[in-house]
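Undergrad: Handing you this structure, nothing more for now.
The values are calculated or read from the model by the stated rules, or taken from the named source; none is laboratory data. Remember, it's a predicted structure, so these values are computed and weren't measured experimentally. For neighbour counting, all protein chains shown are included, and Cβ atoms are generated from backbone atoms with ideal geometry for every residue, glycine included. Accessible surface is based on the protein model in full, side chains and every heavy atom, while ligands, DNA and RNA are left aside. Shrake-Rupley method; radii C 1.70, N 1.55, O 1.52, S 1.80 Å.
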Amino acid sequence: MYDAAVSENRRRAERLSSSARILWKRQGDDFLQLDRVRDVSAQGAFVVSDAVSEPDAALEFELHDEAGRALASGVAKVVRLGDGGMGIAFLDVTIDAAEVSQSMPPPRPPPPLPAAAPPLPTAPAATSDEWVAPQLEPLSVPPLDRVIIGIDLGTTNTCAAWVDERVGEGRPQIIPGRTGGNTIPTMINFDTDGRIHVGQRAADRQILYPRRTVYGSKRLIGRTWQPELAAEAQGHFAYPLGEAEGQRFGIDLGDQVVSMDAVAARVLREVRATAEDFLQREVRSAVITVPAYFSEVQREAVRRAAFMAELTVHRIVNEPTAAAVAYGHARGEEARVAVWDFGGGTFDFSVVDIRDERYEVVATGGDNFVGGADFDDELASMILERFLEAEGLEELEPTPQQIARLREAAELTKRALSVQSEFDVRLTDFAREPKRDLSVTITREDFEARTAPLVERTLTIARGVLLSASILPEEIDDVVLVGGTTRIPAVQRAVAELFGRRPSKRINPDEAVAHGAALLGHEISAGEGPVLLDLLPMTVGHAIDARRFVPVVKRNERLPCVEVLTFGGDLLGRIQVPLFQGESPDAAQNEYLCTVVVEDARLRDGERAQIRLSFDEHCLMAIDAFVERSGKPLEVTLDRERPLEDILQDLGAFDGPPAPEAWQLPETRISKVLGKLFGFFRKK
């Protein structure tokens, strides 16, 4: 009730006029009034004032709306913010239930399930140490008669679903989050006292603690740490990036660097707990979706995160493939569909042939750094520029708190401009010296002009995928839109112009991937399932001298597949093969996977050795080696400990053909500030 009530207070507070206020007791029975309070959440409120200057000062407070009605009261503490503002962090809150209940819907009870497992004991609250470096026993695969949920692990939001056999012939149903919504924000907040907040609780704390709130972690999960990539990526994150253990990306908290794998694990643990609360039974199995353009190490990182969350992954499925399953399930039709998957942080485009319950991916492509978050950054920068112009200011470098407020306003503006032609942006007490409110108007025309390069980027990818498969746009029977960014009118127009038809409205773009994953999980639990024929999204190869990249398994190869590398001559008893994944002729521009090390005395006697790369239907790689003539196995070690910089240095400078110029996100005013703010990186 507490979360739901405060969530409702937040929605009401966002609608309040500038007379909304907080009263707090400072001396005796006197209450000091603060007007124009914004950003009220379950964790606290954001204000700008000099009234209380002592950090951690204890307060008694009351929260009122514009009509003077009390919404909540309790005890709080003062948090000083970098832009001269003040945060009020709630410690103990009493909700005025009568006021809140007037506008709150009745709580939705969980569905009654037959033969459910007995209630699970309440697990103790997790500390950071429990999940940053978990010590878990290997998981055994549970009986298939238990529920297998489908999880769409998104960049911005995560959605889970299950198949309810009591509805028709069994239809996928969304598992609601703890606060009633259909999704859980893919966000983690690390409190200064060691507590960890996940989902909506983390989102509520983002404005107060932007440097300790992780968002967009899916973009960097599993990726190998490179200073150049970190410098480029930092401009899109309001928290400092750092190198975590195993040469992975993570958030730098000062005393430790927490990997993006661990962040995903905590989100998946929250999803599992939410599903167990809703279904009233144990949940330990899942089908998890990933972007089609994820590399092998990123897929492995998702599987590792699921292991840390005590989930058995029965299948890793590409998001466009899962959406195609949701589109074609139980319809008995034949169609060639194009899946336009444009989410919060990634873009995928796949062409899928559907024949009854057979789903064959014909071609695929994408970009893991184009998504709705980039539209938000462009809008946030535009809002800031309009504010500076209106106030006659040449420059203002926003603080992390101001950037968080701008990004929140930008997301609201983006949603509004999807249904109306213009939107008035209001941020009270945005600047302090002198005090100024931010008030600007953004039109849809302005927004579309500013973000046209992002839309064009997706068109370029889609045209390239069609060309690689020798498919004409008119040969596509239907176009399926997936992901929240496809709600932008300019995106829908671009898709319609490319294919000469309006996209399908058959499936919900926000829920299609989770529905498809749930359908796959349900059919796996029944011992059957559709035939999924997928492709390798990016070329896998090895690096040789002069940093040249030699392809071994090429992009769009049908899965599962096997390729063999043969090595002869004087091997001196040892082979070292650095593996990369990508399309650039320069190995350094591709994603580093690992270094394959084979050591055996037989390699000194002129024996030829073969290294075999095998990819299963999940696109996960297995590596083994053997003596070519006898077929006897050789021991293989996969080394990820040696720094990538050392490997590239040993390979020497690149002297191959020039690589095509890589597309980069447009630099925004916000990205420049964040890049400057966190212009250093910390290794662990």
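Undergrad: Is there any pair linking a residue in the stretch 614-625 that is closer than 11 Å to Glu296 by Cα and of a type in the set (Phe, Trp, Tyr) to one that is open to solvent by 40 Å² or more (accessible area, probe 1.4 Å) and part of a loop (DSSP other than H, G, I, E, B), with Cβ under 8 Å and at least six apart or on different chains, and which?
TA: Short answer, once both residue conditions are applied: Phe615/Glu557; Phe615/Pro560.
Undergrad: Among the listed residues Ala373, Ala404, identify the single one that is among the aliphatic types (A, V, I, L, M), closer than 20 Å to Pro453 by Cα and outside any strand (DSSP E or B). Before the answer, list the steps.
TA: Details: Ala404 fails: closer than 20 Å to Pro453 by Cα.
It is Ala373.
Undergrad: I'm told Leu467 meets every condition in (1) at pLDDT 95 or above; (2) touching a strand residue (DSSP E or B) at 6+ places or on another chain (Cβ under 6 Å) except one. Can you identify the failing condition by its number?
TA: Only one criterion in (1) at pLDDT 95 or above; (2) touching a strand residue (DSSP E or B) at 6+ places or on another chain (Cβ under 6 Å) is unmet by Leu467, namely (2).
Undergrad: Continuing with this model, one more query. Which of (1) assigned to a helix (DSSP H, G or I); (2) modelled with pLDDT under 95; (3) open to solvent by less than 60 Å² (accessible area, probe 1.4 Å) is the odd one out, the single condition Ala390 does not satisfy?
TA: Condition not satisfied by Ala390: (3).
Undergrad: Then there's this: Quick one: which residue in Val513, Val553 is at pLDDT 95 or above, farther than 27 Å from Arg284 by Cα and in contact with a Cys (Cβ under 8 Å, 6 or more places away or on another chain)?
TA: Val553
Undergrad: Inside the stretch 182-206, can you point out the residues that are open to solvent by 20 Å² or more (accessible area, probe 1.4 Å) and of a type in the set (S, T, N, Q)?
TA: Matches in the stretch 182-206: Asn182, Thr183, Thr192, Gln200, Gln206.
Undergrad: All but one of (1) aliphatic (A, V, I, L, M); (2) surrounded by 24 or more Cβ atoms within 10 Å (Cβ to Cβ); (3) closer than 17 Å to Ala264 by Cβ hold for Ile175, so report the exception by its number.
TA: All conditions pass for Ile175, except number (3).
Undergrad: With the stretch 257-329 as the region, which helices (runs of 4 or more DSSP H) entirely inside it contain at least 1 residues that are more than 17 Å from Ala518 (Cα to Cα) and in contact with a helix residue (DSSP H, G or I) (Cβ under 7 Å, 6 or more places away or on another chain)?
TA: Working: elements: 260-279, 296-308, 319-328.
Here the list reads 260-279, 296-308.
Undergrad: Further, regarding this structure: Which is surrounded by fewer than 20 Cβ atoms within 10 Å (Cβ to Cβ) and of a type in the set (Val, Ile, Thr), of Thr321, Thr312, Thr289, Thr274?
TA: When all the criteria are applied, what remains is Thr312.
Undergrad: If you don't mind, there's one more thing I want to ask. Return only the number of the condition from (1) of a type in the set (S, T, N, Q); (2) touching a helix residue (DSSP H, G or I) at 6+ places or on another chain (Cβ under 6 Å); (3) open to solvent by 50 Å² or more (accessible area, probe 1.4 Å) that Thr413 does not satisfy.
TA: Checking Thr413 against (1) of a type in the set (S, T, N, Q); (2) touching a helix residue (DSSP H, G or I) at 6+ places or on another chain (Cβ under 6 Å); (3) open to solvent by 50 Å² or more (accessible area, probe 1.4 Å), the one that fails is (3).
Undergrad: Tally time: how many residues in the stretch 218-268 are of a type in the set (Val, Ile, Thr) and over 20 Å from Gln206 (Cα atoms)?
TA: Counting residues in the stretch 218-268 that are of a type in the set (Val, Ile, Thr) and over 20 Å from Gln206 (Cα atoms) gives 2.
Undergrad: OK, next. Can you work out which of the residues in the stretch 578-594 that are in a strand (DSSP E or B) and out of contact with any Cys (no Cβ under 9 Å at 6 or more places or on another chain) is nearest to Ser468 (Cα to Cα)?
TA: Looking at residues that are in a strand (DSSP E or B) and out of contact with any Cys (no Cβ under 9 Å at 6 or more places or on another chain), I get Gln581.
Undergrad: While we're looking at this one, here's another question. State the number of residues belonging to the stretch 541-592 that are surrounded by fewer than 22 Cβ atoms within 10 Å (Cβ to Cβ), of a type in the set (Ser, Thr, Tyr) and under 27 Å from the mean Cα position of the chain (by Cα).
TA: 1
Undergrad: Exactly one of these conditions fails for Tyr239: (1) of a type outside the set (A, V, I, L, M); (2) touching a Gly at 6+ places or on another chain (Cβ under 6 Å); (3) under 18 Å from Thr668 (Cβ atoms). Give me its number.
TA: Condition not satisfied by Tyr239: (2).
Undergrad: Here's a follow-up. Would the stretch 419-437 turn up any residue that is modelled with pLDDT of 95 or more, among the hydroxyl-bearing types (Ser, Thr, Tyr) and farther than 23 Å from Val214 by Cα?
TA: Yes, that holds for at least one residue.
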